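Asks: Before anything else, here's the structure in question.
The values are calculated or read from the model by the stated rules, or taken from the named source; none is laboratory data. As the structure is a computational prediction, the values presented were derived from the model and not from experiment. FYI the Cβ positions are ideal-geometry reconstructions off the backbone, even for glycines, and counts take in every protein chain you see.
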Amino acid sequence: MRPLKVFSWQSFRAECPPAPNGNLQTREIIAARSKAEAVRIAGKKYPYELFNLGETGNHLELELALSKPGIIFWTPIDGRDYREAK
């Protein structure tokens, strides 16, 4: 079995508090065994559908995502106040 990795990407969410310019852009993270698994959990078919999908090395993001594997967490793009995706 592959070890868990933490992947991140950029997206948009209607529930995201708007930035001063009205932007609803988010940073999203998930602990998964592969990019393909992360893509499936996010409800997409192909990795290119998750913009800037890649592994993160941020210690806070690693700790949070690994605490609940398979759960997507998101925050406004300039924030670090992560929330569980519904």
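Asks: Within segment 46-86, take every residue that is in a loop (DSSP other than H, G, I, E, B) and among the hydrophobic types (A, V, I, L, M, F, W, C) and give me the one that is farthest from S34 (Cα to Cα).
Replies: Top of the filtered list is I77.
Residue-wise test of (1) closer than 16 Å to F73 by Cα; (2) out of contact with any helix residue (DSSP H, G or I) (no Cβ under 7 Å at 6 or more places or on another chain); (3) modelled with pLDDT of 95 or more.
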position: A31; (1), (2), (3): yes, no, yes
position: A42; (1), (2), (3): yes, yes, yes
position: P47; (1), (2), (3): no, no, yes
position: L50; (1), (2), (3): yes, no, yes
position: L53; (1), (2), (3): yes, no, yes
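Asks: I've got another one for you. Being hydrophobic (A, V, I, L, M, F, W, C), surrounded by fewer than 17 Cβ atoms within 10 Å (Cβ to Cβ) and either free of Cβ contacts under 8 Å to residues at least 60 places away in the same chain or touching a helix residue (DSSP H, G or I) at 6+ places or on another chain (Cβ under 6 Å) (or both) is true for just one of F12, F73. Which residue is that?
Replies: Just a single option satisfies the conditions, and that option is F12.
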